[in-house]
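As structure tokens, the structure follows; a few thoughts come after it.
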Amino acid sequence: MKNTFSFELQKTDGAARTGVIRTPRGEVRTPAFMPVGTAATVKAMMPESVAETGADILLGNTYHLMLRPTAERIDRLGGLHRFMNWDRPILTDSGGFQVMSLSGLRKLTEDGVTFKSHIDGSKHVLSPETSMEIQRLLGSDIVMCFDECPALPADKSRIADSMRLSMRWADRSRAAFGDRPGHALFGIQQGGLEEDLRAESAEALQQIGFEGYAVGGLAVGEGQEAMFGCLDFAPGQLPVDKPRYLMGVGKPDDIVGAVKRGIDMMDCVLPSRSGRTGQVFTRHGVVNIKNARHADDPRPLDDTCRCPACRNYSRAYLHHVFRSQEMISGMLLTWHNLTYFQDIMQGMRAAIAAGTFDAWEADFHAGRAAGDI
Ligand SMILES: CNc1nc2c(CCNCC3CCCC3)c3nc(N)[nH]c(=O)c3cc2[nH]1
């Protein structure tokens with residue numbers, strides 16, 4: 001196994017691309033959807049099941065794991081892959097985004113963020129240096145720069161100041177990351193919805209040099225139209241020969257629109273979180289399994305789906321176990337949603353390789369209009 005990290009861009013169709021990221025722990029087919037395993041588990045899923053859905057890579061999180069069980073403990077136990085029994089690639093976010101959305105009593109300075117744990121109120125510091133050290137202890141294959149993601153809406157000067165702070169933090173992240181063959185550090189573009197600020201950020205990141213580039217600062221309430229407007233120019237400002245990762249996205253139609261605009265990787269809690277709340281994604285749209293109309297329905301969720309929920313159970317059963325709050329409900333619905341998301345990615349990879357992305361996209365949208373879900 002070569003101790004290298006590389007990206008091969010294989011085919012393009014319009015702005016859409018398909019390729020493969022090669023890491024010492026395995027290959028990641030792009031475009032890729034990355035399930036979120038916040039606290040060293042994709043909730044309600046065994047790692048073997050996550051692999052069966054088609055996921056080549058999953059996400060861990062610096063913020064959660066530094067608080068509990070701590071990165072030092074995971075390191076002592078052999079690293080995050082061993083700890084959670086996932087031997088394929090792992091990407092960890094740098095924790096800044098989660099601090100701003102989860103912890104109380106935080107103070108942001110040029111150095112970094114001091115905050116109180118949402119678990120026990122203990123005091124912690126996240127900075128480019130501490131985030132790199134935590135992600136090194138976790139042993140993740142793809143490390144994210146420590147950045148600040150400003151809440152939208154915000155005025156342009158606030159967006160500019162925040163982006164420039166993140167670029168200084170990107171420089172410090174690169175320096176602290178050091179020389180780690182087989183591991184990658186990804187820069188994160190900021191700049192809100194402003195084309196000139198996004199260009200300044202992309203230029204700053206390329207001057208530093210990263211193995212991949214994320215489009216950050218989106219999926220923070222701006223809405224799909226504004227996000228797509230930004231994606232009409234932002235990915236193209238980043239190096240064409242490196243992976244482009246859109247953070248925190250999204251619903252199936254967000255994902256399709258992002259791939260159409262040149263995004264290679266995405267992560268979102270939606271399929272797993274929705275699985276636990278009874279929201280089921282199908283090619284004909286969203287089914288809310290809680291609805292009484294499913295109580296006597298013997299049909300599967302989707303008779304074309306390969307997942308255990310669709311192969312072995314009726315809507316009536318899934319309705320029953322959801323209403324009864326049985327654990328199998330979250331397991332089966334999460335397994336289905338993750339399978340559905342991976343099948344969308346596989347469909348797009350094949351369509352881009354065949355030069356038929358537009359036809360695939362039209363079919364994707366037609367299926368959702370079909371009705372009778
Ligand atoms: C949901 N929308 C959204 N998420 C964003 C995220 C988080 C991506 N998902 C991480 C996983 C979720 C829990 C464990 C790890 C962002 N992260 C960073 N570092 N920077 C962003 O601009 C950034 C922007 C984001 N927008």
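Report, by residue number, each residue of segment 42-72 that is hydroxyl-bearing (Ser, Thr, Tyr) and assigned to a helix (DSSP H, G or I). Before you say what the answer is, go through the steps one by one.
First, the residues of segment 42-72 that are hydroxyl-bearing (Ser, Thr, Tyr): 49, 53, 62-63, 70.
Correct list: SER49, THR53, THR62, TYR63.
Can you go through SER127, SER131 and tell me which one is at pLDDT 95 or above, hydroxyl-bearing (Ser, Thr, Tyr) and within 13 Å of the ligand (Cβ to nearest atom)? Give the derivation first.
Values: SER127 fails: within 13 Å of the ligand (Cβ to nearest atom).
That would be SER131, the only listed residue that is at pLDDT 95 or above, hydroxyl-bearing (Ser, Thr, Tyr) and within 13 Å of the ligand (Cβ to nearest atom).
Does LYS116 satisfy the criteria of being within 13 Å of the ligand (Cβ to nearest atom), among the charged types (D, E, K, R) and either within 28 Å of CYS149 (Cα to Cα) or surrounded by 19 or more Cβ atoms within 10 Å (Cβ to Cβ) (or both)? Break it down stepwise before answering.
Working: within 13 Å of the ligand (Cβ to nearest atom): no; among the charged types (D, E, K, R): yes; either within 28 Å of CYS149 (Cα to Cα) or surrounded by 19 or more Cβ atoms within 10 Å (Cβ to Cβ) (or both): yes.
Taking the combined requirement at face value, the residue does not satisfy it.
Which is within 11 Å of the ligand (Cβ to nearest atom), touching a residue at least 60 places away in the same chain (Cβ under 8 Å) and crowded, with 21+ Cβ neighbours inside 10 Å, of GLY216, GLY262? Let's see the steps before the verdict.
Details: GLY262 fails: within 11 Å of the ligand (Cβ to nearest atom).
So the residue among GLY216, GLY262 that is within 11 Å of the ligand (Cβ to nearest atom), touching a residue at least 60 places away in the same chain (Cβ under 8 Å) and crowded, with 21+ Cβ neighbours inside 10 Å is GLY216.
Please go through segment 243-273 and give me each residue that is small (Gly, Ala, Ser) and over 15 Å from GLY217 (Cβ atoms), ordered by number.
Here is the first cut: in segment 243-273, the residues small (Gly, Ala, Ser) are 248, 250, 257-258, 262, 272.
GLY257, GLY262, SER272, listed by residue number.
In segment 240-250, what residues are within 11 Å of the ligand (Cβ to nearest atom) and not aliphatic (A, V, I, L, M)? Can you show your working first?
Looking only at segment 240-250, we keep the residues that are within 11 Å of the ligand (Cβ to nearest atom), and these are 245-250.
Result: TYR245, GLY248, GLY250.
Hey, can you tell me all the residues within segment 98-113 that are out of contact with any Ser or Thr (no Cβ under 6 Å at 6 or more places or on another chain), at pLDDT 95 or above and surrounded by 17 or more Cβ atoms within 10 Å (Cβ to Cβ)?
Answer for segment 98-113, where residues must be out of contact with any Ser or Thr (no Cβ under 6 Å at 6 or more places or on another chain), at pLDDT 95 or above and surrounded by 17 or more Cβ atoms within 10 Å (Cβ to Cβ): just VAL113.
This table checks each residue for (1) outside any strand (DSSP E or B); (2) surrounded by 16 or more Cβ atoms within 10 Å (Cβ to Cβ); (3) modelled with pLDDT of 95 or more; (4) under 19 Å from the mean Cα position of the chain (by Cα).
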| site | (1), (2), (3), (4) |
| --- | --- |
| LYS2 | yes, no, no, no |
| GLU8 | no, no, yes, no |
| ARG17 | no, yes, yes, yes |
| VAL20 | no, yes, yes, yes |
| ALA40 | yes, yes, yes, yes |
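Identify, please: which residue in segment 275-301 is touching a helix residue (DSSP H, G or I) at 6+ places or on another chain (Cβ under 6 Å) and assigned to a helix (DSSP H, G or I) and is, among those, farthest from the ligand (Cβ to nearest atom)?
HIS294
Among (1) under 17 Å from the mean Cα position of the chain (by Cα); (2) more than 16 Å from the ligand (Cβ to nearest atom), where does THR12 come up short?
So the condition that THR12 fails would be (1).
Applying the selection to segment 73-99, what residues are assigned to a helix (DSSP H, G or I) and either away from the ligand (no atom under 15 Å from the Cβ) or farther than 23 Å from ILE188 by Cβ (or both)?
Going residue by residue through segment 73-99, those that are assigned to a helix (DSSP H, G or I) are 73-76, 80-84, 96-99.
Passing the criteria: ARG73, ILE74, ASP75, ARG76, HIS81, ARG82, PHE83, MET84.
Consider ASP171 against the criteria (1) modelled with pLDDT of 95 or more; (2) more than 24 Å from CYS268 (Cα to Cα); (3) out of contact with any helix residue (DSSP H, G or I) (no Cβ under 9 Å at 6 or more places or on another chain): it satisfies all of them except one. Which criterion is unmet?
ASP171 satisfies every listed condition except (3).
Just a yes or no: is a residue in segment 184-205 away from the ligand (no atom under 14 Å from the Cβ), within 20 Å of LEU9 (Cβ to Cβ) and surrounded by fewer than 19 Cβ atoms within 10 Å (Cβ to Cβ)?
No: zero hits.
The values are calculated or read from the model by the stated rules, or taken from the named source; none is laboratory data. This one's a predicted model, so the numbers in the text were calculated from it and none came from an experiment. Neighbour counts are summed over all protein chains in view; Cβ atoms, including those assigned to glycine, are modelled from backbone coordinates with ideal geometry.
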